[in-house]
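Only one structure is covered here, and it is reproduced in the block below.
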Amino acid sequence: MNAPADAAVQDRAIDRSNMKVSDEIAVELVGMNKWYGEFHVLKDINLTVNKGERIVICGPSGSGKSTLIRCINRLEEHQKGRIIVDGIELTSDLKKIDEIRREVGMVFQHFNLFPHLTILENCTLAPIWVRKVPKREAEQTAMHFLERVRIPEQANKYPGQLSGGQQQRVAIARALCMRPNVMLFDEPTSALDPEMIKEVLDTMIGLAEEGMTMLCVTHEMGFARQVANRVIFMDRGQIVEQNEPEEFFNNPRSDRTKLFLSQILGH
Amino acid sequence: MSGTHAHTVAFVADGKLPDLPPPPGASGAIGWIRENLFSGPLNTILTLASIAVVALALPGVLDWALFKSVWNASSLSECRSIIAESFGEGQGGACWAVIRERFDQLLYGFYPAELRWRPNVAFVLLIVAIAPILFDNVRALAVGAAAIVALKALAGAAGVVDGGVGGLFGATTVVLAAAGALAWFFGGGAHRRYWLMFSAAFPVIAYFLLWGGLGLEPVASSRFGGFLLTMIIGVTGIAASLPLGILLALGRQSKLIFIHAICVGFIEFIRGVPLITLLFVASTLLNYFMPPGTNFDLILRVLIMVTLFASAYMAEVIRGGLAALPKGQYEAADAMGLTYAQSMRLIVLPQALKISIPGIVNTFIGLFKDTTLVAVIGLLDPLGLTNPIRADSNWNGIVWELYGFIAFCFFLFCFGMSRYSMHLEGRLRAGERR
Ligand SMILES: Nc1ncnc2c1ncn2[C@@H]1O[C@H](COP(=O)(O)OP(=O)(O)OP(=O)(O)O)[C@@H](O)[C@H]1O
Ligand SMILES: [Mg+2]
C-alpha cells in the first residue's frame, strides 16, 4: 500500500530549505466536540497548527478524521469548543465562514471537479466569483498552477476526459488558485490506481516544499514519514497520539497506535 | 501466424495485427435491417405483422385525407355531394373546407380582423425572442426569414394570395424581414447578450401588442381565442413555471424550516387538485375574494392558475435533478467559498437542470396540451371553438376534420419541443463525456 509513496519519495531528494515552521498559528482547535445526533464523533479535540506545518492525520475507518478536517472549513458544524483559522473564529456568522473558506483550500477523495466546466473554468470559477479577480488574470493564475501540477495541455478539456490522477491534480490546482494559506486533504489518493498515486503525491510533496501549511488525512505512510513534521493518530473520535514521524513510527506509545501501525504497515 | 499452439504457455505477439473491414452483412444498410428487423423469429414476425398493418391502413387513410378530400365548399352537405359526384355514392372523404373557411377563427378566435396583424407581429417577435434562448446564435433566423419572405413574394407575384406583391409591405412581413436582416448581420454568438435582452423585454411588448394600449387600440380578453389563446397560455405557462419551479425546488431543499414547509405545502396542495378545479376557481370563485368592482382579467387569472399548476410539477422534476447530483458537488462549491446563490447558479442548477431536461420538457408538453382545458370555463381555445363551429348549420355533423386538424397542430408543437430537448441533451452530452 505504501510502496508507491516510497517510490515517489525516492525519486528525488526533498528540498527542505523552504519547509519552515513559523511561530504564527494557522489553525487552532480548542476543546472541540461534535455530535451526529446522539453520536459523539469528535471528543475534546485540541490541536494547534502553526504556519508551515505539514500534519498527517491517520487512524482506523470511522475514527472521525474526515469529520475533523471538514469542521475546519465548516463543511460540518461543531457543537462545542472553538475553531480559529487565521485568527478568525468560526461561528455561525456566514461572513466569517466565507472568509475562512477563502483562506482554506480543500482536496477531496473523489476530486469533486465540476463536470460541466472545463479544467480552466474549474480553476478560474472561485477566483472570479469569490475573490473578484478579473477573468484574464484568473486564467493566467490558473495556467500557472496547471503548469505546476504538470497538466497545462488539458486546460480546455472536461474533467470526464481526464484520468483519476490528472483529475486530482486539477483539484489541487483549483484549490491553489484561490491562494489559500492552509490546504486540507481528505484521503486524496485513496480513490486512485497505484501508478496515479505517485503523481498526486509528487504534487503534494512539491507543495510542501514551498512551505504550504497542510493538514492531510492519508494512509500513505511513506509520505507521512518523509514530508510530515507531525503525525496525528485518531481513534473513536479522539486524538490518541501525536508525534514527529520518526518517533511515531519507530516508538509508538499507545497500544492502539501500535495495533493500527502493525495492521497498516503489515508487520 | 506465429505458431500459437494450444499447449504453448509462453507467448509473445510478434507484430501488430492489421485493421480489417467488418465482414459483409455486419454493417451498412443490410446489416442494420438484419440486426434491427429480422434478428430472430419473434422480431421477424413482429416486423411482418407491422408491415401488414401499415399496408392495410395506409391506403384508406390517405384516400380519406388526401385523394378523396374536398377543400372548396361552403357546407358539409356540399362537401358530401362533391365527393359523391366525383368518386361515387357512399365514398368517404375528408371535408377540409371547414378548416379553410374557419381557419382565421381557429387561429385568432374573435380577435378583430383588422387588428390581426398584431398577433402576427407578436408571433414573429416570439420566435425572435425564443431563438437566442434555445440556440447559441440566431443566424438561422435570417435564413428562415429570407425563405418566408421569398415564398410570400413568389406567391404574391403568382397571384396565389390576395394583395399581390403589395402584400409584402404588411407589418408582419416587414418585421420579419427586419429581424432576419438583424440576425444576418448581428446574429453571431458575440451579440447573443443583446438578443437575450430583447427576450427579456418581449413579454411587455407582446402584452401591448395583443391587448393594446400605448396608442394601440385596446382589445378585450373575451375576443381572444383559437391557437392565439393556446400560445398565450402555453408560452406564458412554460416561461413562468420554469423559474417558479426552480425556486420551489430549492425552497423544498432549504434548511429554513419555514420556507421548506411553505414550499412542500404549496407543491403537495397544487399537485393534489385537478387543474379543472383550479380553473373553475379562477373563473368564478376568485371574484368573490376580490373587492367588488375590480375587473381582474379572466385570461390573466387563468395564466396564474396554469403557471402555478405547472410549477408544482416542475418543482418535483427539478428536485429529482437536484437529488441526483453527488453531494461532493455542493461540498466543493461550499469549500471554495461560493455563496449559496453562486453555487446554485454556477454549479448546482446547470447540472441539475441538465439531468432534468426530459422531465422538464415532459411537463412543458403536458402543460401545452392542458391549455385545452380552458374550454371548460368558456374560453374559446381551438377546442372551445369546435362547439360554435359544429353548431353552425353549415358544418353540423363535422367531427374528424376539425378535431384531426387541431390534434395535428398540437402534435407539431409537442413533437417540436420533444425533438429540441433531444437535440439539447445531445449537445450538452457531447461537451462533457469522452
Ligand atoms: N452525516 C453523518 N451522520 C451520522 N453519522 C456520520 C455522518 N458522517 C459520518 N458519520 C459517522 O461518524 C464517524 C466518523 O466518520 P468519518 O467520516 O469522519 O470517519 P473517517 O475517519 O474519515 O473514516 P474513513 O477512513 O472511513 O474515511 C463514523 O462512524 C461515521 O459513521
Ligand atoms: Mg474519511
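The values are calculated or read from the model by the stated rules, or taken from the named source; none is laboratory data. Note that the coordinates shown come from a computational prediction; the quantities given were computed from them, not determined experimentally. As a convention, Cβ positions derive from the backbone with ideal geometry for all residues, glycine included, and neighbour counts pool all protein chains shown.
Quick notes on this one:
So that you can scan it fast, the table gives a plain yes or no per residue for (1) within 15 Å of ligand 2 (Cβ to nearest atom); (2) at negative phi; (3) away from chain B (no Cβ under 14 Å):
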| site | (1), (2), (3) |
| --- | --- |
| A:N18 | no, yes, yes |
| A:V41 | yes, yes, yes |
| A:N46 | no, yes, yes |
| A:C58 | yes, yes, yes |
| A:G62 | yes, no, yes |
| A:R74 | no, no, no |
| A:E77 | no, yes, no |
| A:G87 | no, no, yes |
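- Taken across the stretch B:295-312, residues that are of a type in the set (S, T, Y) and assigned to a helix (DSSP H, G or I) do occur, with at least one present.
- Test: residue in the stretch B:358-376 that is closer than 20 Å to A:E76 by Cα and either free of Cβ contacts under 8 Å to residues at least 12 places away in the same chain or buried (at least 19 other Cβ atoms within 10 Å of the Cβ) (or both): no
- Among the residues of the stretch A:169-205, the ones that are within 16 Å of ligand 1 (Cβ to nearest atom), within 14 Å of another protein chain (Cβ to nearest Cβ) and not aliphatic (A, V, I, L, M) come to 4 in all.
- Helices (runs of 4 or more DSSP H) contained entirely in the stretch B:170-259, each with at least 2 residues that are assigned by the TED database to the domain that holds B:M417 and free of Cβ contacts under 8 Å to residues at least 60 places away in the same chain: B:226-253
- Where strands (runs of 3 or more DSSP E) sit wholly within the stretch A:22-98, those with at least 2 residues that are within 15 Å of ligand 1 (Cβ to nearest atom) and closer than 28 Å to A:I264 by Cβ occupy A:25-36, A:39-50, A:54-58.
- When we screen A:R174, A:R236 for residues that are crowded, with 24+ Cβ neighbours inside 10 Å and of a type in the set (D, E, K, R), the only hit is A:R174.
- Filtered residue count, the stretch B:325-346, keeping only those that are more than 9 Å from chain A (Cβ to nearest Cβ) and outside any helix (DSSP H, G or I): 1
- With respect to the conditions (1) within 25 Å of the chain's Cα centre (by Cα); (2) at pLDDT 90 or above; (3) within 14 Å of another protein chain (Cβ to nearest Cβ), B:I357 lacks only one, and its number is (2).
- Residue match in the stretch A:55-66 (condition: charged (D, E, K, R), surrounded by fewer than 12 Cβ atoms within 10 Å (Cβ to Cβ) and at pLDDT 90 or above): no
- Single unsatisfied condition, B:R390 versus (1) buried (at least 21 other Cβ atoms within 10 Å of the Cβ); (2) farther than 19 Å from B:G237 by Cβ: (1)
- Flag set for A:E246, criterion: surrounded by fewer than 16 Cβ atoms within 10 Å (Cβ to Cβ), on the phi < 0 side of the Ramachandran plot and not in a loop (DSSP other than H, G, I, E, B).
- Residue, nearest to B:N36 (Cα to Cα), within the stretch B:50-81, restricted to residues that are crowded, with 18+ Cβ neighbours inside 10 Å and of a type in the set (A, V, I, L, M): B:V70
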